[in-house]
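Shown next, in structure tokens, is the structure this report addresses.
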Amino acid sequence: MAEEVKLLKTWSSPFGLRAFWILKLKGVQFDFVDEDLSNKSPLLLQSNPVYKKVPVLIHNGKPISESLVILEYVDETWKQNPLLPEDPYERARARFWAKFGEDKVLVSIWNAFIKQGKEQEEAIGLAIETLKFLEEELKGKRFFGGEKIGLADLALGWLANLIGVFEEVIGVKLIEKERFPLLSAWMQEFAEAPVIKESWPPHEKLVTKFRAIREPYVAAAAQPK
Ligand SMILES: N[C@@H](CCC(=O)N[C@@H](CS)C(=O)NCC(=O)O)C(=O)O
């Protein structure tokens, strides 16, 4: 029976990119739909009734939500080009860094992006402290997965382009080459890797989108307290 693989995503979503990347890296044939998140399709609402978010992978009619869950599902279902290593300890480490990316990196960078004034300075300091753990983890490695792209690389891959977008919008450099030489080299190598390099959304379009997302936070901070 032919496999039916459909990905619900949206053009700008870093979470959607994770699912898109792994399907491409595995060479899985799939269709995708770019959802309009201001008018979600019935298929999205039925497929992810809990969070109502993209990405959703629909495999032979069965929906799978949450990008990190999708990465593991695809890795277990299509065995070629494995994302996770064989060794259980190394698998645990890859999952640890993927989770760190969600819980710490994403949160601290988002705060640095939306906060203003003194709060922003503090948030930037925290983001830099968080990023130092990634710099340390990259010592002696090309990718978080070692010599090749692994789970943590796809989980953290959004950094390779969204950091530049956030930096442009807030006018502050978060990842400086001098402070983060290994992370900067990883961002460049990841961004230019086959499959990844063809998938980035247009930079200017992202800047416009994220500038608009940030505006209400800027306006709220300007209100007298
Ligand atoms: N933890 C989720 C996050 C997904 C997510 O936040 N998706 C956003 C797009 S970037 C979304 O669908 N937002 C629609 C909404 O919140 O209504 C994942 O990793 O898949």
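Determine which member of the set 196, 213, 170, 175 is among the β-branched types (Val, Ile, Thr), assigned by TED's automatic domain parsing to the domain that holds residue 113 and loosely packed, with under 14 Cβ neighbours inside 10 Å. Selected residue: 213, the only one of 196, 213, 170, 175 that is among the β-branched types (Val, Ile, Thr), assigned by TED's automatic domain parsing to the domain that holds residue 113 and loosely packed, with under 14 Cβ neighbours inside 10 Å. One residue stands out in the range 38-76 among those that are near the ligand (Cβ under 10 Å from one of its atoms) and exposed (fewer than 15 other Cβ atoms within 10 Å of the Cβ): the one that is farthest from the chain's Cα centre (by Cα), namely 38. Selection of the range 87-120 for residues being exposed (fewer than 13 other Cβ atoms within 10 Å of the Cβ) and acidic (Asp, Glu) yields 87, 103.
Within the range 50-70, residues that are part of a loop (DSSP other than H, G, I, E, B) sit with their Cβ atoms under 9 Å from residues that are among the acidic types (Asp, Glu) and more than 10 Å from the ligand (Cβ to nearest atom), at 6+ positions apart or across chains, in these pairs: 54/34; 60/3; 60/4; 61/4. Of everything listed in (1) in contact with a strand residue (DSSP E or B) (Cβ under 8 Å, 6 or more places away or on another chain); (2) open to solvent by less than 40 Å² (accessible area, probe 1.4 Å), the single unmet condition for residue 84 is (1).
The values are calculated or read from the model by the stated rules, or taken from the named source; none is laboratory data. No experiment lies behind these values; they were computed from the predicted model shown. Virtual Cβ from ideal backbone geometry, glycine too; neighbours counted across all protein chains shown. Accessible surface areas use protein heavy atoms only, side chains included; no ligands, DNA or RNA. Shrake-Rupley method; radii C 1.70, N 1.55, O 1.52, S 1.80 Å.
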